[in-house]
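Undergrad: Encoded as structure tokens, here's the structure I'll be asking about.
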There are 4 protein chains.
Amino acid sequence: MRMNSAARLSVACAIVFVFAFGARAQQQPCPTASKFGPDDQIGNVNYITPAKTLAASKLVTTGKAYRLGIETNKDTPAYSTRTFSITVVQPGQVAGTSFGPNKTTYNDDIITGWVGIGSQIDGFGHAGIDNLYFNCNRAPDFAMVDGLKKLGIEHVPAIATRGVLLDMAGYFNTEIVKEGTTFNRAEIEGAMKRQGIKAIEKGDVVLFYTGWMKLLGRDDKRFISVNPGLGREGARYLASLGVAMVGSDTSNFEVIPFEKDAGLYEVHQILLALNGIHILENMNTEEMVKDRAWEFLFTLGPARITGGVQAIINPIAIR
Amino acid sequence: MRMNSAARLSVACAIVFVFAFGARAQQQPCPTASKFGPDDQIGNVNYITPAKTLAASKLVTTGKAYRLGIETNKDTPAYSTRTFSITVVQPGQVAGTSFGPNKTTYNDDIITGWVGIGSQIDGFGHAGIDNLYFNCNRAPDFAMVDGLKKLGIEHVPAIATRGVLLDMAGYFNTEIVKEGTTFNRAEIEGAMKRQGIKAIEKGDVVLFYTGWMKLLGRDDKRFISVNPGLGREGARYLASLGVAMVGSDTSNFEVIPFEKDAGLYEVHQILLALNGIHILENMNTEEMVKDRAWEFLFTLGPARITGGVQAIINPIAIR
Amino acid sequence: MRMNSAARLSVACAIVFVFAFGARAQQQPCPTASKFGPDDQIGNVNYITPAKTLAASKLVTTGKAYRLGIETNKDTPAYSTRTFSITVVQPGQVAGTSFGPNKTTYNDDIITGWVGIGSQIDGFGHAGIDNLYFNCNRAPDFAMVDGLKKLGIEHVPAIATRGVLLDMAGYFNTEIVKEGTTFNRAEIEGAMKRQGIKAIEKGDVVLFYTGWMKLLGRDDKRFISVNPGLGREGARYLASLGVAMVGSDTSNFEVIPFEKDAGLYEVHQILLALNGIHILENMNTEEMVKDRAWEFLFTLGPARITGGVQAIINPIAIR
Amino acid sequence: MRMNSAARLSVACAIVFVFAFGARAQQQPCPTASKFGPDDQIGNVNYITPAKTLAASKLVTTGKAYRLGIETNKDTPAYSTRTFSITVVQPGQVAGTSFGPNKTTYNDDIITGWVGIGSQIDGFGHAGIDNLYFNCNRAPDFAMVDGLKKLGIEHVPAIATRGVLLDMAGYFNTEIVKEGTTFNRAEIEGAMKRQGIKAIEKGDVVLFYTGWMKLLGRDDKRFISVNPGLGREGARYLASLGVAMVGSDTSNFEVIPFEKDAGLYEVHQILLALNGIHILENMNTEEMVKDRAWEFLFTLGPARITGGVQAIINPIAIR
């Protein structure tokens, strides 16, 4: 049909209209919908069943327990505006006074700081796609200034599951894997093969060791700004396996500089927003690598601060 | 020798002097010395060996994991001047802006508050006797305004050990044990017998269930100011058994009103200062009691905030 | 011309297009442009010249000085999520220690809180129109999470100018003017006439007394949520007179409930964003009204916290 | 009477007791008592009468107003553990939302930090002698962790009085007076003579200009740790003249290194604790020196934060 220019303009307008507003007009499925239903707030943690936990407990053979958290203080490398400080006080004990005939004295502490410093768990409220977060939660609906009203860190259930440690430094035969080195499916499978790990399963926590933490205190600037890490294909691969959480011994977790053609923190979006998989940062697995503790019982209880986006954590791995 | 009155007076004064200051003059052993040596900072956690952890892992029979932490927020009952608040921000995303072609958006959080609110671990820097803390640490030497320089919460090792839950509400055959009800040796042994718990061992974490947490949100004032709890004899008894930590579902842990003739928070002094045993407060064991989960694998990794006196925690019990 | 439906649609689309994007497409003048030029950050404070200050100093006849600030603390009525707390510490003086042979002891203080509590000055970064602020500053360009990069409170010059106090309670012949009572031009001129104030001039600070502060401590909820105050016409009127600042003894300053057909905080937009006139809140002029101190030297130096949006203030009026 | 040894011992002990505690037993006058009576909390500010203020207002001849405050932010030089940060938020405006048909948007700010950073007023609760503060206030009685219960900064009345600027850099004929240079009576009188200042009077605010602030941003370490300043004799001299406040363009105000045989911060004790004279730090008088503004109207309203020890200030000088 031959269209006159007015008609063409109409069609153009209509296309513009649909392009600009079409998603809402037609009720397209939300890309961050949870496979566990519209009320889900815990994502792939749903895969950590009692059977899973029970099986993981049987991975304990030596009884050695590892503390995965690093210290958080005002000198911990942190992003631009993030700060942290602790103040210790002795209320009511000025001038050496104490309480009662038993002379009780006590110290109390006050924390002021950004949570995103040190060993971290990213809640699902941490990263989104244009203000759309996991399970179709839109920021204006839940991200209030006094705390998240959905996806808050207090919702994370008790975590006790199988942990898998991928020794990427060993895989690349280096002490510290170079920044920008991307871990995708091939590297993940290659490391598993090298270490004799048969499978990564639903509900697992997968940790990457890169040696990057050796830079802490030596080159904090480099430590915080770049690192080796997971790429998009690797993220989608682990998502396809149904892992509950992923982590590494770096601050950013995903590879930086970002992959060619990747957006900013796209892996965070893939894991947190699109797949309901938590990210763990600054996990200190140095000693576990020395002990070749590749599979273990991973436990984690983030402090349940209502409405928190992230939490400063210290998971316990037991093998 | 015949002494004149002046000389006698000198002697008398000298005796008074010795009486008043003798302890320091004669270098008496410090009452808070650790049995684990002058450099020890972890107290009875020393008893949690790999063998202990391994044995505890075998207590896992169902794979059910319990989250023991309650939520911490501005409405959590807290002592007098303690306050808590969280602020959620979206740095650099004013007016709906985002980052990159993938439109990354993110929330970040900032915490401002006293640590002693909600589910707690008391570090050994929390309570002392006239400014003398665990293992002979004197407050002026380690309690700095920007953090404890000894006994800081960052020193707590990975905790994975046998947990024992004493159902005191069941023992007293009540829903909520009344405030001022004291748990001493007889009550502890009585509860153990009723529940079929054979022994409390070195390195155990012993938790008391009282039902007191049912008052949360119903009568916060009563919840925070009084509660049933451990008495001095009970504390010494558990210390004699070498437990690593004790806890309960109350805020104060020890019995309040205090026992007749007891000082203020004397049980805290006995456990923390004199015996190097951590105290856990506001442990939510409601569900464990329903499941009769009396013995279990207890895991805990307090956030490693350098110089912290306490930590907000969320231990994971697995059975 | 007879248009077919396609053409009509085209025209409609075109109109929509222009309506939605026309302003940007055509580079219209920014509505918040300062009459003092593109680099201006101080607005009508530009009208406070040395001559103005000198003249104002001559208004001092009794030498009585008034403190206009109220106290700010954790109990000061504040909006929803705003909190405030102060902590007093004695660094390095635990257990009664002091410094030097002269036994110096000292207290130090730490503040944690929202600035918008108590007696306030609103900077020009406080209120905007769809993220457009005074003098064409767009929020994404200057409102950074670690402080405003333009319009920060540190830019406010030394304020010493003529102050005018309008006794609206006297005008309405009441002790406390009722909430929702609007002050527009007629009320302003009526009060001036009643009080014998000849004129309001360029560079003046105009304060309204309503008696509303008598509710503080009696009905904090009502105090904070509604009040009498300036309306839109009154705001435009004062703007036409070139006042530098306006204020009142209420928390919201402008009338609430808002005027019929008014938007939310539209008067804030008129004064701050469109006219570069600061707003002062919670100005305690009770004693000045008792003394009939209608014209006076008004002085104010807000604490120069870099990047601040507002400041907690305590102006000094001298008469 | 013949006394047995036990009786003698009692007597001896009694003598020792009196020796040790006699001062308190005999009720010696408190050295920090205010000349204005036992309830006084404002010290020499009592000398700022309306007559004083009126006379000071007549010192205004040009109408030029000076802002004496410097900026306070995270980079302002500060003592050891002191930190400061500001956070700007847009509550409820995530993803570019706004309020109402008039699209109100707003920024809000939150401050976290030690007050003792930047331009300061030291309240009388700031420095004491062995926990004894101005007007016999003992720290255990008023220095509570949630604010001072006496001597809080909220008590400072409206300050409008004669200001005197002593140009010590001019007196010593240098750009920056060297650290450790002490200003005692001879220097004060010498500067007055050089500048033609006839007298320092009761209720005056005396500011010292040293040029030290030129080090800000050039050598922050030196700026904060040492400076020229008032010595003990000079402090007692100014106290004898009944000044209300003293200040300078340095952080410490008093001379550091301290005078030979002086204690630590002894001048602070002399002024604050013994004489009820406030200290002002980091007063930027650079421009006033250029203008030879030696005598002026000094105004100051510290933010009335209940229980505050100090305040961040920005006094306005008018000449």
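Undergrad: So, in the range D:240-281, exactly how many residues are buried (at least 24 other Cβ atoms within 10 Å of the Cβ) and on the phi > 0 side of the Ramachandran plot?
TA: Result for the range D:240-281: 2.
Undergrad: Can you pull out every residue in the range A:290-303 that is surrounded by 18 or more Cβ atoms within 10 Å (Cβ to Cβ) and closer than 14 Å to A:GLY163 by Cα?
TA: Residues of the range A:290-303 surrounded by 18 or more Cβ atoms within 10 Å (Cβ to Cβ): A:293-303.
Selection gives A:ALA293, A:TRP294, A:GLU295, A:PHE296, A:LEU297, A:PHE298, A:THR299, A:LEU300.
Undergrad: If I go through the range D:43-76 residue by residue, how many of them are crowded, with 21+ Cβ neighbours inside 10 Å, of a type in the set (A, V, I, L, M, F, W, C) and closer than 15 Å to D:ALA158 by Cβ?
TA: 3
Undergrad: Given the condition of a type in the set (Ser, Thr, Tyr), out of contact with any strand residue (DSSP E or B) (no Cβ under 8 Å at 6 or more places or on another chain) and either crowded, with 16+ Cβ neighbours inside 10 Å or at pLDDT 95 or above (or both), answer yes or no: does some residue in the range D:156-171 qualify?
TA: We begin by selecting, within the range D:156-171, every residue of a type in the set (Ser, Thr, Tyr); these are D:161, D:171.
Next, only the ones that are out of contact with any strand residue (DSSP E or B) (no Cβ under 8 Å at 6 or more places or on another chain) stay: D:171.
Filter again for either crowded, with 16+ Cβ neighbours inside 10 Å or at pLDDT 95 or above (or both), leaving D:171.
There is at least one residue in the range D:156-171 that is of a type in the set (Ser, Thr, Tyr), out of contact with any strand residue (DSSP E or B) (no Cβ under 8 Å at 6 or more places or on another chain) and either crowded, with 16+ Cβ neighbours inside 10 Å or at pLDDT 95 or above (or both).
Undergrad: Across the range A:104-113, what is the number of residues that are touching a Ser or Thr at 6+ places or on another chain (Cβ under 8 Å) and surrounded by 24 or more Cβ atoms within 10 Å (Cβ to Cβ)? Walk me through it before giving the result.
TA: Here is the first cut: in the range A:104-113, the ones touching a Ser or Thr at 6+ places or on another chain (Cβ under 8 Å) are A:104-105, A:109-113.
Cutting the leftovers down to surrounded by 24 or more Cβ atoms within 10 Å (Cβ to Cβ) gives us A:105, A:109-110, A:113.
Qualifying residue count for the region: 4.
Undergrad: Sticking with this structure for a sec: Within the range A:132-179, can you find the residues that are touching a Pro at 6+ places or on another chain (Cβ under 7 Å) and within 9 Å of chain B (Cβ to nearest Cβ)?
TA: Within the range A:132-179, A:VAL145, A:ILE153, A:VAL156 meet the criteria.
Undergrad: How many residues are in contact with a strand residue (DSSP E or B) (Cβ under 8 Å, 6 or more places away or on another chain), surrounded by fewer than 22 Cβ atoms within 10 Å (Cβ to Cβ) and in a helix (DSSP H, G or I) if we restrict to the range D:130-149?
TA: Residues meeting the conditions: 1.
Undergrad: Just the residues that are assigned to a loop (DSSP other than H, G, I, E, B), among the charged types (D, E, K, R) and either within 30 Å of C:THR72 (Cβ to Cβ) or in contact with a His (Cβ under 7 Å, 6 or more places away or on another chain) (or both), please, taken from the range D:257-311.
TA: The answer is D:ARG304, and nothing else.
Undergrad: Starting from residues that are surrounded by fewer than 22 Cβ atoms within 10 Å (Cβ to Cβ) and within 11 Å of chain B (Cβ to nearest Cβ), keep the ones in the range D:93-102 and report whichever is modelled with the highest pLDDT. First the steps, then the outcome.
TA: Let us first name the residues in the range D:93-102 that are surrounded by fewer than 22 Cβ atoms within 10 Å (Cβ to Cβ), namely D:95-102.
Right, trim to within 11 Å of chain B (Cβ to nearest Cβ) and you get D:95-98.
Working: D:ALA95: 93, D:GLY96: 92, D:THR97: 93, D:SER98: 96.
Ranking the qualifying residues of the range D:93-102, first place goes to D:SER98.
Undergrad: Right, next: Mind checking which residues of the range C:39-62 are touching a residue at least 40 places away in the same chain (Cβ under 8 Å) and part of a loop (DSSP other than H, G, I, E, B)?
TA: C:ASP40, C:GLN41, C:ILE42, C:ILE48, C:THR49, C:LEU59, C:VAL60, C:THR61, C:THR62
Undergrad: Here's a follow-up. Would you pick out the residues in the range B:257-282 that are away from chain A (no Cβ under 11 Å) and touching an Asp or Glu at 6+ places or on another chain (Cβ under 9 Å)?
TA: Within the range B:257-282, B:PRO257, B:GLU259, B:LEU271, B:GLY276, B:HIS278, B:ILE279, B:LEU280, B:GLU281 meet the criteria.
Undergrad: Please enumerate the residues belonging to the range A:193-239 that are more than 23 Å from A:TYR47 (Cβ to Cβ), touching a Phe, Trp or Tyr at 6+ places or on another chain (Cβ under 6 Å) and surrounded by fewer than 18 Cβ atoms within 10 Å (Cβ to Cβ).
TA: Answer for the range A:193-239, where residues must be more than 23 Å from A:TYR47 (Cβ to Cβ), touching a Phe, Trp or Tyr at 6+ places or on another chain (Cβ under 6 Å) and surrounded by fewer than 18 Cβ atoms within 10 Å (Cβ to Cβ): just A:ARG194.
Undergrad: Then there is this: Within the range B:187-212, work out how many residues are in contact with an Asp or Glu (Cβ under 9 Å, 6 or more places away or on another chain) and of a type in the set (A, V, I, L, M, F, W, C).
TA: Total meeting the criteria: 5.
Undergrad: State the number of residues belonging to the range A:226-255 that are over 14 Å from the mean Cα position of the chain (by Cα) and within 13 Å of another protein chain (Cβ to nearest Cβ).
TA: Of the residues in that region, 1 qualify.
Undergrad: Do you know which residues across the range B:59-78 are more than 8 Å from chain A (Cβ to nearest Cβ) and within 30 Å of A:LYS58 (Cα to Cα)?
TA: Matches in the range B:59-78: B:LEU59 only.
Undergrad: Only one residue in D:ALA244, D:ALA262 is under 25 Å from D:TYR47 (Cβ atoms) and either hydrophobic (A, V, I, L, M, F, W, C) or touching a Leu at 6+ places or on another chain (Cβ under 7 Å) (or both). Which one?
TA: Details: D:ALA262 fails: under 25 Å from D:TYR47 (Cβ atoms).
Just a single option satisfies the conditions, and that option is D:ALA244.
Undergrad: Give the range D:295-319 a look and list any residue that's at the interface with chain C (Cβ under 7 Å from one of its Cβ atoms) and small (Gly, Ala, Ser), or say none.
TA: Once the filter is applied, which keeps residues that are at the interface with chain C (Cβ under 7 Å from one of its Cβ atoms) and small (Gly, Ala, Ser), the range D:295-319 yields D:GLY301, D:ALA303, D:GLY307, D:GLY308.
Undergrad: If A:ASP40 passes every condition in (1) more than 20 Å from the chain's Cα centre (by Cα); (2) modelled with pLDDT of 95 or more but one, which one does it miss?
TA: (1)
Undergrad: Tell me which of these D:HIS126 doesn't satisfy, since it passes every other one: (1) over 14 Å from the mean Cα position of the chain (by Cα); (2) surrounded by 24 or more Cβ atoms within 10 Å (Cβ to Cβ).
TA: In the conditions (1) over 14 Å from the mean Cα position of the chain (by Cα); (2) surrounded by 24 or more Cβ atoms within 10 Å (Cβ to Cβ), D:HIS126 misses (1) alone.
Undergrad: Any chance the range D:79-88 includes a residue that's within 12 Å of chain B (Cβ to nearest Cβ), aliphatic (A, V, I, L, M) and either touching a strand residue (DSSP E or B) at 6+ places or on another chain (Cβ under 9 Å) or surrounded by fewer than 22 Cβ atoms within 10 Å (Cβ to Cβ) (or both)? It would help to see each step written out before you state the result.
TA: Step one: of the range D:79-88, the residues within 12 Å of chain B (Cβ to nearest Cβ) are D:79-83, D:85-88.
With aliphatic (A, V, I, L, M) added as a condition, the list becomes D:86, D:88.
Adding the requirement that they be either touching a strand residue (DSSP E or B) at 6+ places or on another chain (Cβ under 9 Å) or surrounded by fewer than 22 Cβ atoms within 10 Å (Cβ to Cβ) (or both) leaves D:86, D:88.
So far as the range D:79-88 goes, yes, one or more of its residues are within 12 Å of chain B (Cβ to nearest Cβ), aliphatic (A, V, I, L, M) and either touching a strand residue (DSSP E or B) at 6+ places or on another chain (Cβ under 9 Å) or surrounded by fewer than 22 Cβ atoms within 10 Å (Cβ to Cβ) (or both).
Undergrad: Residues to consider are C:GLY113, C:GLY123; find the one that is under 22 Å from D:ILE117 (Cα atoms) and away from chain A (no Cβ under 13 Å). So that I can check it myself, show each step before the final result.
TA: Details: C:GLY113 fails: away from chain A (no Cβ under 13 Å).
Among C:GLY113, C:GLY123, only C:GLY123 is under 22 Å from D:ILE117 (Cα atoms) and away from chain A (no Cβ under 13 Å).
Undergrad: Is it the case that some residue within the range A:82-103 is in contact (Cβ under 8 Å) with a residue 60 or more places away in the chain and assigned to a loop (DSSP other than H, G, I, E, B)? Steps first, please.
TA: First pass over the range A:82-103, keeping only residues in contact (Cβ under 8 Å) with a residue 60 or more places away in the chain: none.
So far as the range A:82-103 goes, no, none of its residues is in contact (Cβ under 8 Å) with a residue 60 or more places away in the chain and assigned to a loop (DSSP other than H, G, I, E, B).
Undergrad: In this structure, is C:ILE153 among the aliphatic types (A, V, I, L, M) and under 17 Å from C:VAL289 (Cβ atoms)?
TA: Working: among the aliphatic types (A, V, I, L, M): yes; under 17 Å from C:VAL289 (Cβ atoms): no.
For C:ILE153, the condition - among the aliphatic types (A, V, I, L, M) and under 17 Å from C:VAL289 (Cβ atoms) - is not met.
Undergrad: If you don't mind, another one. Just the residues that are outside any loop (DSSP other than H, G, I, E, B), touching a residue at least 40 places away in the same chain (Cβ under 8 Å) and not polar (S, T, N, Q), please, taken from the range C:114-126. Steps first, please.
TA: Step one: of the range C:114-126, the residues outside any loop (DSSP other than H, G, I, E, B) are C:114, C:120-122.
Narrowing further to those that are touching a residue at least 40 places away in the same chain (Cβ under 8 Å): C:120-122.
C:ILE121, C:ASP122 - these are the residues of the range C:114-126 that are outside any loop (DSSP other than H, G, I, E, B), touching a residue at least 40 places away in the same chain (Cβ under 8 Å) and not polar (S, T, N, Q).
The values are calculated or read from the model by the stated rules, or taken from the named source; none is laboratory data. The shown structure was predicted, so the numbers you read here are calculated from the model rather than taken from an experiment. With ideal geometry, Cβ positions are generated from the backbone for all residues, glycine too; neighbour counts draw on all protein chains shown.
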